[in-house]
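The values are calculated or read from the model by the stated rules, or taken from the named source; none is laboratory data. The model shown is predicted, which means the values in this text are computed figures rather than measured ones. Every residue, glycine among them, receives a Cβ derived from its backbone with ideal geometry; neighbour counts consider all protein chains shown. All accessible areas refer to the heavy atoms of the entire protein, side chains included, with ligands and DNA or RNA removed. Shrake-Rupley method; radii C 1.70, N 1.55, O 1.52, S 1.80 Å.
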Amino acid sequence: MQETKKKSKFGFILKLIILVVLVVSFTSSTYIVRENEYAYVTRFSKFVKIQDTAGLHFKLPILDKIEKIPRYRMMYDIPPSEVLTGDKKTLVVDNFTVWQIDDPYTFMRTVSRISEMENRIDAIVYNAVKNTLGTMDQTAIINSDNRSIDDVNTKITELVNAQLKNYGVSTVAVEIKRLDLPKDNESAVYNRMISERTQMAESF
């Protein structure tokens with residue numbers, strides 16, 4: 001009777017061990033790709049494939065490494081920066097950009113990290129803003145209507161995308177949130193603008 005119980009207990013433990021081994025083997029040889037991501041598969045640090053089909057997929061345990069890459073659009077709020085206008089006056093520009101990874105292979109080979117890509121976007125957008133606003137006078141920029149600002153945004157976006165394609169990345173849009181004057185000359189500029197408008201009003 002006791003021997004039968006021991007055999008039964010041993011059989012249960014053996015089945016449990018086999019079940020655990022099967023579960024571990026299955027989980028270590030599979031991975032899941034969601035609809036909003038890519039999977040970058042490497043073997044011995046060498047590229048194998050990009051898996052962009054959502055669902056359950058198989059891999060070689062231990063040998064294959066999976067890195068997930070965002071497939072959705074991301075917004076990066078760029079820190080405000082000062083730029084010189086065409087008439088050599090300073091403006092503080094606050095931008096944001098909506099960007100996405102179009103070519104995950106190129107992205108992983110050139111950058112591989114979201115934070116590093118945002119640093120590069122920061123520098124590229126700054127140069128595009130500087131080159132675009134550097135051809136315009138400060139007063140013209142401040143007095144621009146929405147349509148004019150949209151044209152500026154479109155031009156900046158085109159300049160940025162021309163450089164980002166080398167990283168397998170593109171921007172959906174680069175938008176100017178705010179245009180401010182530096183604190184040290186803000187009052188002087190506004191007083192001058194008020195004076196000019198007062199003179200125009202008196203002439204009428």
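Restricting attention to segment 66-108, which residues are touching a residue at least 60 places away in the same chain (Cβ under 8 Å) and within 30 Å of Val48 (Cβ to Cβ)?
Across segment 66-108, the qualifying residues are Arg73, Trp99, Gln100, Ile101, Asp102, Asp103, Pro104, Tyr105, Thr106, Phe107, Met108.
Take the conditions open to solvent by 30 Å² or more (accessible area, probe 1.4 Å), among the small types (Gly, Ala, Ser) and out of contact with any Leu (no Cβ under 6 Å at 6 or more places or on another chain) and apply them to Ala140. Does it pass?
On the way: open to solvent by 30 Å² or more (accessible area, probe 1.4 Å): yes; among the small types (Gly, Ala, Ser): yes; out of contact with any Leu (no Cβ under 6 Å at 6 or more places or on another chain): yes.
For Ala140, the condition - open to solvent by 30 Å² or more (accessible area, probe 1.4 Å), among the small types (Gly, Ala, Ser) and out of contact with any Leu (no Cβ under 6 Å at 6 or more places or on another chain) - is met.
Only one of Ile101, Ile78 is over 10 Å from the mean Cα position of the chain (by Cα), β-branched (Val, Ile, Thr) and either modelled with pLDDT of 95 or more or within 30 Å of Leu179 (Cα to Cα) (or both). Can you tell me which?
None of the other options fit; the residue is Ile78.
Here are the criteria: (1) touching a Pro at 6+ places or on another chain (Cβ under 9 Å); (2) in a helix (DSSP H, G or I). Tell me which single one Val93 does not satisfy.
Answer for Val93: the failing condition is (2).
Can you spot a residue in segment 170-184 that is among the charged types (D, E, K, R), modelled with pLDDT under 80 and over 21 Å from Arg71 (Cα atoms)?
yes
Just give me the residues in segment 140-171 being part of a loop (DSSP other than H, G, I, E, B) and either basic (Lys, Arg) or touching a strand residue (DSSP E or B) at 6+ places or on another chain (Cβ under 8 Å) (or both), in sequence order. So that I can check it myself, show each step before the final result.
Applying the first criterion (part of a loop (DSSP other than H, G, I, E, B)) to segment 140-171 yields 143-145, 168.
Across segment 140-171, the qualifying residue is only Gly168.
Please count how many residues of segment 41-65 are without any contact (Cβ under 8 Å) to a residue 24 or more places away in the chain, assigned to a strand (DSSP E or B) and open to solvent by 90 Å² or more (accessible area, probe 1.4 Å). Write out each step before concluding.
Filtering segment 41-65 for residues without any contact (Cβ under 8 Å) to a residue 24 or more places away in the chain gives 43-46, 48-49, 51, 53-55, 63-64.
Pick out the ones that are also assigned to a strand (DSSP E or B) and you get 43, 46, 48-49, 51, 55, 64.
Retained after the next criterion (residues that are open to solvent by 90 Å² or more (accessible area, probe 1.4 Å)): 46.
Number satisfying all stated conditions: 1.
Pull up segment 91-133, narrow it to residues that are open to solvent by 20 Å² or more (accessible area, probe 1.4 Å) and in contact with a Phe, Trp or Tyr (Cβ under 6 Å, 6 or more places away or on another chain), then point me to the one that is nearest to Ser81 (Cα to Cα). Explain how you work it out, then say what you get.
Of the residues in segment 91-133, the ones open to solvent by 20 Å² or more (accessible area, probe 1.4 Å) are 92, 94, 96, 98, 100, 102-103, 105-106, 108-110, 112-116, 118-120, 122-123, 126-127, 130-131.
Checking which are in contact with a Phe, Trp or Tyr (Cβ under 6 Å, 6 or more places away or on another chain) leaves us with 108, 110, 118.
Numbers: Met108: 29, Thr110: 26, Glu118: 15 Å.
Restricting to residues being open to solvent by 20 Å² or more (accessible area, probe 1.4 Å) and in contact with a Phe, Trp or Tyr (Cβ under 6 Å, 6 or more places away or on another chain), the top hit is Glu118.
So if I check each of Tyr72, Tyr31, which one is modelled with pLDDT of 95 or more and either of a type outside the set (Val, Ile, Thr) or surrounded by 12 or more Cβ atoms within 10 Å (Cβ to Cβ) (or both)?
Tyr72
Report the residue count in segment 143-180 for those that are farther than 28 Å from Asp103 by Cβ, small (Gly, Ala, Ser) and surrounded by 14 or more Cβ atoms within 10 Å (Cβ to Cβ).
Count: 1.
Pull up segment 75-90, narrow it to residues that are touching a helix residue (DSSP H, G or I) at 6+ places or on another chain (Cβ under 6 Å) and in a strand (DSSP E or B), then point me to the one that is least open to solvent (accessible area, probe 1.4 Å).
Here the answer is Val83.
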